[in-house]
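Asker: Please see the structure below; I have some questions.
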Amino acid sequence: MKLPLLGDPKAVIDQGLEGVDHNFVTGKLEDLVKWSRARSCWPATFGLACCAIEMMATGGAHYDLARYGMEVFRASPRQADLMIVAGRVSQKMAPILRRIYDQMMEPKWVISMGVCASSGGMFNNYAIVQGVDQIVPVDVYAPGCPPGPETLMHAILTLHDKITSGEITRRRDETGAGANLTVDQRDGQTSTGVVIRK
Amino acid sequence: MNSIATDEAVRRRDDSAVLRIAEDDGERLEAEAGTSDTSMVMNMGPQHPSTHGVLRLMLEMEGETVMRSKPVIGYLHTGMEKTAETLTYLQGPTNVTRMDYASPLFSELAFSMATEALLGLEVPPRATWIRMLMCELNRISSHLLFQATNGMDIGAVSMMIYGWREREEALRLLETITGLRMNHNFIRPGGVAADLPDGWRDEVLTLIDALPARLNEFDTLLTGQPIYRERLQGVGVINTAECLALGVTGPILRSTGYAWDLRRDMPYLAYDQVDFDVVVGTYGDCFDRYAIRLNEIRESIRILAQILHQMPSGDYRVQDKKVTPPPRARIDESMEALIHHFKIFTEGFKVPAGEVYAAVESPRGELGCYMVSDGSAVPYRMHIRGPSFVNLQTLPHMMQGGMVADAVAIISSVDPIMGEVDR
Amino acid sequence: MTDSVLHVSRDQLTETVAGLRDEGYVSVLDVTAVDYLEHPGRTDLPDKVAPERFELVVTLISHTAPGRTRLRVQVPDDDPTVPTLFDLYPGTEALEREVADMFGIVFEGHPDPSRILMPPDWEGHPLRKDFSVGQIPVQFKATR
């Protein structure tokens, strides 16, 4: 038996690296970097309200976020790549949210989970920030109240797509700022089309 | 009744445990908090993995010992009570259900009971029993959430996986019945939103057959485990007099050995027709609170089994044209029914003027709804008495003199849901 | 089981609550308020009680003979002060802070009269009827 890259596995076991037919893969460094960024996108634990419960459920046994290398919810924002704003952001919380975002290392991404974080949702009143995109740049908006674990995973996979394709990083170079990306979900498509609105 | 609120000991402990300095008052903090060189004021939260959302604590520390502390809340203040004044009575449950998001059906129930009291409505028996069924299912899922997060907070991370596994089972059943995993908006003034779906009996039976064995697994994993007991026993002790003085209800009050449960002592719905025990603790520590919640799941399973046998047939909502929209099929054939349906959902129904307080026993304690109507279609004032909000006041008392690591176990054992605290 | 309702004046509040405590009312469950700005001459009160803008509502519970008692206290707009119940029931601390934050009612003798839900520098008291809900008009756009 021969494997495409490694050659004969038995030879590898017996002889170590000497037994490998081709021990290198060619490709662009950029692609490798993007691939690894997408595949180890660690979220920060930033649970605010109802959505946080669904976010935890996504990390639980049934939905198993670990499949995407993402089960390590980091308590410290400095170790996290992705902020999932899970829930409604109050006027009192807003400055703290921004501070935590500033503490995260580049490259960093933000998913706005649920309608409250995306637009204020049903709480159109004095206490709630009408859309977290007024405070931090949002990369992906996940609809729902609260979004089920499937929707959150869909949002995460969409983000992975965008990281791998480099779309987000390119746009950051252009504007010098964070993302402002609206994801339109289309019928009958699992992957989503992306419209950049400036 | 051995407890008088002004018990000297309670007051002394209160004064020495609570840090009553405004969080932005730096000068006073510097001058008063920290009586010696070794003490300092530390901030914990609001973004902290074990503060259950956005609770923030100011801790006055002496080395690693917590002296005084103060819970700082409001980071999830949503203005729900203000929003409630703009929503009709039919829209109200959508609003309150987002308060206590771990046990949303209880808020809906309190809201509906208050509205029905103002309307003078009698709910049909089947609706009452469906409400009980939903509440007990919700109590199970809420307590399972506690088991998961409690385990995670104090380092038994595998417990989180097990807790979620069981909770998914309960959520699947809730989804089958209400259509949503959370924030159901299922219990509404006048009854419930829909009748139980076909095959609900089998699904409930499957759940209550499977759960006891899983709970025994929890026992093996946690209850008898020396590390876990060491971490919780004797930590965060509080006594009955302190609990009553602070207005505490629910598992925290019961953990002190004081049996008070609204379901038994001031029955609502049909709780006087089912048989169950009120679980109490002995020492009032974190371990008792854990054990009470675990055993309350077992009691809920008992209640569910009885509900399965006693569920009456009949209407799932009142046949009162004033509050109940006409059945879907009638809308297709009758213009009057269509207009009626449209008016109920756009204008809402008018509720007689008055004020009322209705309370239920939620998994966290007494959840009350105070409602004032001025005779229009929206409440003039709607206030929810959240048990977590009042229960949070015990934190400084329980934490005083303990290690900062115990603080995490104590917060977890209070099981606060910040949505209900800040509203 | 209906709750009993007592109308008491501000001066009698502490005295009444102390009396109820001796009768076996073990806990204060709830302290809240209502702003009757839109109903200045309301008629749902007993004859001897003059309606004022604010009404403080205190709910107590007795466990010996299970039941609740609700105290309704009229608080005028020009002098929104009430004596604190903290000395009788320490559990009213957070509840009174919430009422003070949301309605601007001052509790005399309260140990920590700072804001509880809103940020410390917030202006106004949100649950007063003359405080706007703060709705932002929503634009509905046709989808492309």
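The values are calculated or read from the model by the stated rules, or taken from the named source; none is laboratory data. Values in this document were obtained by computation on a predicted structure and should not be read as measured data. Note that we place each Cβ from the backbone using ideal geometry, even for glycine, and neighbour counts take in every protein chain shown. These area figures cover heavy atoms from the full protein model, side chains too; ligands, DNA and RNA do not enter into them. Shrake-Rupley method; radii C 1.70, N 1.55, O 1.52, S 1.80 Å.
Asker: Give the residue that is nearest to B:ARG167 (Cα to Cα), with candidates limited to residues of region B:92-116 that are open to solvent by 10 Å² or more (accessible area, probe 1.4 Å) and touching a Phe, Trp or Tyr at 6+ places or on another chain (Cβ under 9 Å).
Answerer: It comes out as B:ARG98.
Asker: Kindly list the number of the only condition in (1) more than 10 Å from chain B (Cβ to nearest Cβ); (2) within 22 Å of C:LEU20 (Cα to Cα) that fails for C:PHE103.
Answerer: (2)
Asker: Just to be sure I understand the filter: pairs with C-beta atoms under 6 Å, separated by 6 or more residues or on different chains, first member in region A:60-71 and within 14 Å of chain B (Cβ to nearest Cβ), second member open to solvent by 60 Å² or more (accessible area, probe 1.4 Å). Which pairs pass?
Answerer: Listed pairs, sorted by first residue: A:ALA61/B:ILE161; A:ALA61/B:ARG165; A:LEU65/A:GLU71.
Asker: While we're on this one: For region B:203-250, which positions are within 12 Å of another protein chain (Cβ to nearest Cβ) and among the aliphatic types (A, V, I, L, M)?
Answerer: Listed by number, the residues that qualify are B:ALA241, B:LEU244, B:ALA245, B:LEU246, B:VAL248.
Asker: Please tell me if B:VAL360 is without any contact (Cβ under 8 Å) to a residue 24 or more places away in the chain and over 30 Å from B:SER39 (Cα atoms).
Answerer: For B:VAL360, the condition - without any contact (Cβ under 8 Å) to a residue 24 or more places away in the chain and over 30 Å from B:SER39 (Cα atoms) - is not met.
Asker: Only residues that are farther than 23 Å from C:PRO119 by Cα and outside any loop (DSSP other than H, G, I, E, B): list them for region C:83-98, please.
Answerer: Passing the criteria: only C:PRO83.
Asker: Anything in region B:95-128 that is β-branched (Val, Ile, Thr) and more than 12 Å from B:GLY191 (Cβ to Cβ)? List them, or say none.
Answerer: The answer is B:VAL96, B:THR97.
Asker: Within region C:21-39, take every residue that is crowded, with 19+ Cβ neighbours inside 10 Å and more than 7 Å from chain B (Cβ to nearest Cβ) and give me the one that is nearest to B:PHE389 (Cα to Cα).
Answerer: Step by step, filter region C:21-39, then rank; the result is C:VAL31.
Asker: For residues that are open to solvent by less than 30 Å² (accessible area, probe 1.4 Å) and either within 14 Å of chain C (Cβ to nearest Cβ) or part of a loop (DSSP other than H, G, I, E, B) (or both), scanning just region A:136-156, find the one that is farthest from B:LYS82 (Cα to Cα).
Answerer: Restricting to residues being open to solvent by less than 30 Å² (accessible area, probe 1.4 Å) and either within 14 Å of chain C (Cβ to nearest Cβ) or part of a loop (DSSP other than H, G, I, E, B) (or both), the top hit is A:ASP139.
So that you can scan it fast, the table gives a plain yes or no per residue for (1) facing chain C (nearest Cβ under 10 Å); (2) at pLDDT 90 or above:
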| residue | (1), (2) |
| --- | --- |
| B:LEU367 | no, yes |
| B:VAL372 | yes, yes |
| B:VAL378 | no, yes |
| B:ARG381 | yes, yes |
| B:PHE389 | yes, yes |
| B:GLN400 | no, no |
| B:ALA405 | no, no |
| B:GLY419 | no, no |
| B:ASP422 | yes, no |
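Asker: Pick from region B:170-220 the residues that are assigned to a loop (DSSP other than H, G, I, E, B) and closer than 27 Å to B:VAL157 by Cβ: which of them is most open to solvent (accessible area, probe 1.4 Å)?
Answerer: Among those residues, the one meeting the criterion is B:ARG181.
Asker: Let me ask something else. Sort out which residues of region C:40-61 are open to solvent by 10 Å² or more (accessible area, probe 1.4 Å) and either more than 9 Å from chain B (Cβ to nearest Cβ) or touching a residue at least 12 places away in the same chain (Cβ under 8 Å) (or both), and write them in order of number.
Answerer: Selection gives C:PRO40, C:GLY41, C:THR43, C:LEU45, C:PRO46, C:ASP47, C:LYS48, C:VAL49, C:ALA50, C:PRO51, C:GLU52, C:ARG53.
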